[in-house]
Amino acid sequence: MKAWPQNISDYLGRIFDSFPIKKKMYFLYFICIIIPVIILNGAFLMNLMNSEVRKQENEMANIAQAAKYNINKTIEDAVFITKDYYLNKKINSFLNKEYASAYDYFQNFQVLKENSIFDVSLVGRNALLKIYADNDSIVGGSEFGSLNAVRSTEWYQYLQNSGREMVVYPYRAQEKDDGYANGLVRCIGIMRKLNYYGGREKIMRLNIDYSVIEDAILNAKYSCPVYVCSGNTILYSNCGNTSAVADFEKLQPQVRQKIGYTLPVSFYTQNWNIYVLRQSSSVAIMLQNNLLLILVVLAFSVFVPLGFMYFFNRSFTQRLEELSRHLGSIDKSGDHLEVIQSVRGRDEIGDLMRDYNQMATRINELIQVVYKGKLKEQEADISRQNAELLALQSQINPHFLFNALESIRMRSILKHEGETAEMICKLSVMMRQSVDWSQDVVTVAEEVKFAEAYLQLQKYRFGEQLSYKIKVDPACAGLYIPKLTIVTFAENACVHGIEGKTGPGWIFIEVRSAGEEVVIEVEDTGVGMTQQKLCSMQDSMEHASMQRLSSGGRVGVVNACFRLKAFSGGRACFEVQSEEGVGCTVMIHMPIDCGRRRNYPSFSEQAEQTVEKQGGTPKC
């Protein structure tokens with residue numbers, strides 16, 4: 001039994017053997033050139049693109065981290081400034097005091113500036129600080145103001161609604177006393193309640209100059225577009241969306257689709273997102289710029305080999321087709337081969353064509369000499385086979401007469417010896433079957449019936465020592481086999497298996513179909529055989545012939561095997577399995593189509609089977 005990889009290999013080999021050479025060459029070109037080019041180039045391109053994607057993702061992550069650092073540093077610096085004012089006791093006392101007049105306020109303001117850390121220089125040019133208190137006696141100026149003036153503003157409402165002590169809020173400054181000369185401008189405001197020492201409600205607002213963060217983002221010269229957004233509002237960008245005097249713009253859907261990396265930034269009450277847009281892949285740009293060169297290389301890799309493959313293919317197939325045409329040009333009389341007139345090339349095909357010419361010339365010379373003599377020899381061989389078959393039939397003719405058997409049976413009945421009469425009846429059935437040689441083949445059902453009669457007769461002899469069981473596949477009952485095939489092996493099982501056994505024994509007979517074969521199996525639980533006898537019996541069955549019959553031994557088994565081989569045209573196979581002291585099994589494998597005919601194959605069928613055995617694989 002072949003392993004499944006070998007079966008698959010044989011199956012694929014049979015498929016490819018049926019393909020014309022032209023298709024095989026193009027298939028070879030496709031497998032060995034086209035597919036490797038596609039796979040290698042595709043793998044290289046995918047690797048290049050994946051590498052570019054990873055590189056771009058790392059670059060976008062670095063850009064986002066750099067932008068986050070600039071924003072955090074600017075805001076934390078401003079928060080640090082507000083902390084000094086939050087903890088300054090003198091400033092808190094100044095804001096809580098009720099002033100009698102504007103003059104009184106300005107005198108205390110001068111004292112505060114001289115005796116505290118309060119100094120506009122602490123804020124510098126990058127931020128604008130102002131403190132508001134719920135104190136109407138404060139005269140509004142650049143540093144301080146009344147809280148009533150800003151209660152309705154957007155940033156104040158945001159601080160109150162947040163419930164927090166300090167908030168960061170991006171907005172457009174619009175109060176009259178904000179100190180901006182150009183009207184409404186963008187700014188990032190830090191609003192903080194000065195409630196550390198209690199007293200009146202006091203709020204400090206530090207507006208960070210919008211251009212500080214904007215310049216940090218623009219001057220960084222990032223290689224990718226960057227957007228800093230609060231929700232859907234664009235706060236900063238390096239794409240021209242951050243004019244300080246314009247209103248905040250919204251992030252458009254087409255821009256959002258290009259986002260390649262997002263970094264959340266959270267501080268105080270603000271949750272911002274830093275978006276980095278994905279640029280066009282450098283690989284795609286490279287492919288686009290070198291498209292013509294890529295097409296030229298692809299054409300050279302694919303079409304130039306295709307051209308060479310066409311000429312090679314033409315060189316092979318044309319000459320092979322010519323050789324095949326001459327091989328198939330034998331005329332109907334079958335006694336002449338045409339010679340190839342024009343032989344081209346010095347390669348193997350050219351040598352094959354020249355060898356064909358030599359063979360054709362030689363065959364044409366021998367056909368007339370051998371052909372007719374061969375026919376006479378085959379006719380003589382057929383006659384010899386028929387004579388051998390008649391000789392085999394004569395070997396199994398009975399040595400006693402039916403009339404005598406019938407007389408003995410009737411006398412036994414008259415004497416009320418029923419068992420003896422039944423034995424004689426079974427024996428008579430067997431003898432009639434063996435004597436009638438008008439047809440050398442019977443159906444499996446008839447042969448099994450004959451074998452059962454034989455086993456019943458033997459059971460009279462052996463008694464309880466012999467038991468048997470017969471099983472026939474209904475699909476095989478109507479098939480034909482040579483007469484006395486099964487009964488011969490049943491007799492062999494009785495004589496050489498059961499007879500020598502001291503205890504009870506069984507004989508099993510089974511006829512079944514197995515695919516395209518019919519299998520006849522005769523098994524006994526007798527004494528079995530030694531390995532030497534087993535090998536001898538296997539050899540005798542496989543090489544059954546007239547010479548083997550004349551040499552003695554188990555003539556009946558060799559006879560049956562010889563007739564089976566003749567009936568099947570040499571396609572019957574035999575297998576013997578035995579173990580000493582256990583029993584013996586004989587299996588006969590025969591193509592099921594052989595069992596569908598009533599006669600031995602004709603000479604033409606035997607000749608075809610002989611050619612098949614000599615030139616190809618046997619059927620079984």
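General observations
- If you go through segment 493-516 and keep only what is surrounded by fewer than 20 Cβ atoms within 10 Å (Cβ to Cβ) and under 30 Å from GLY595 (Cα atoms), you end up with VAL495, HIS496, TRP506, PHE508, GLU510, ARG512, SER513, ALA514, GLY515, GLU516.
- Of everything listed in (1) more than 30 Å from ASN50 (Cα to Cα); (2) among the hydroxyl-bearing types (Ser, Thr, Tyr); (3) modelled with pLDDT of 75 or more, the single unmet condition for SER315 is (3).
- Cβ-Cβ distances below 7 Å connect the following pairs, each with a first residue in segment 484-507 that is assigned by TED's automatic domain parsing to the domain that holds GLU446, a second residue that is small (Gly, Ala, Ser) and surrounded by fewer than 19 Cβ atoms within 10 Å (Cβ to Cβ), and a separation of six or more residues or different chains: LEU484/SER434; THR488/GLY556; GLU491/GLY556; ASN492/GLY556; PRO504/SER467; TRP506/SER467.
- Of all residues making up segment 215-244, the number that are in contact with a strand residue (DSSP E or B) (Cβ under 6 Å, 6 or more places away or on another chain), under 15 Å from ILE188 (Cβ atoms) and of a type in the set (Val, Ile, Thr): 4
- One residue stands out among those in segment 128-175 that are of a type in the set (Val, Ile, Thr) and outside any strand (DSSP E or B): the one that is nearest to CYS229 (Cα to Cα), which is THR153.
- Listed by first and then second residue, the pairs with beta-carbon distance under 6 Å, at least 6 apart or on different chains, first residue in segment 208-229 and within 26 Å of LYS55 (Cα to Cα) and of a type in the set (A, V, I, L, M), second modelled with pLDDT under 85 and surrounded by fewer than 19 Cβ atoms within 10 Å (Cβ to Cβ), form an empty list.
- The residue of segment 1-40 that is modelled with the highest pLDDT, among those that are among the small types (Gly, Ala, Ser) and assigned to a helix (DSSP H, G or I), is SER9.
- Qualifying residues in segment 234-253 (those that are outside any helix (DSSP H, G or I) and under 51 Å from the mean Cα position of the chain (by Cα)) - the one nearest to PHE267 (Cα to Cα): ILE234
- Take the conditions (1) of a type outside the set (Phe, Trp, Tyr); (2) out of contact with any helix residue (DSSP H, G or I) (no Cβ under 7 Å at 6 or more places or on another chain); (3) within 30 Å of THR420 (Cβ to Cβ); LEU484 misses just one of them, which is (2).
- Selection status of ALA560, in contact with a Phe, Trp or Tyr (Cβ under 8 Å, 6 or more places away or on another chain) and modelled with pLDDT under 85: no
- Annotation: of all residues in segment 113-151 being at pLDDT 85 or above and of a type in the set (D, E, K, R), the one that is surrounded by the most Cβ atoms within 10 Å (Cβ to Cβ) is LYS130.
- Qualifying residue in segment 471-480 (condition: more than 29 Å from CYS425 (Cα to Cα) and under 49 Å from the mean Cα position of the chain (by Cα)): yes
- Hits in segment 454-479 - residues which are within 18 Å of THR443 (Cβ to Cβ) and either surrounded by 20 or more Cβ atoms within 10 Å (Cβ to Cβ) or not assigned by TED's automatic domain parsing to the domain that holds VAL444 (or both): TYR454, CYS476, LEU479
- Residue in segment 431-444 that is farther than 19 Å from VAL555 by Cβ, modelled with pLDDT under 80 and of a type in the set (Asp, Glu) present: yes
- Filter result for VAL265 (more than 27 Å from ILE81 (Cα to Cα), within 48 Å of the chain's Cα centre (by Cα) and either free of Cβ contacts under 8 Å to residues at least 40 places away in the same chain or not assigned by TED's automatic domain parsing to the domain that holds GLN65 (or both)): no
- Filtering segment 440-478 to residues that are among the aromatic types (Phe, Trp, Tyr) and either farther than 18 Å from VAL518 by Cβ or touching a residue at least 60 places away in the same chain (Cβ under 8 Å) (or both) leaves TYR454, TYR460, PHE462, TYR468.
The values are calculated or read from the model by the stated rules, or taken from the named source; none is laboratory data. Note that the coordinates shown come from a computational prediction; the quantities given were computed from them, not determined experimentally. Ideal geometry is used to build each Cβ from the backbone, glycine not excepted, and the neighbour counts take in all protein chains shown.
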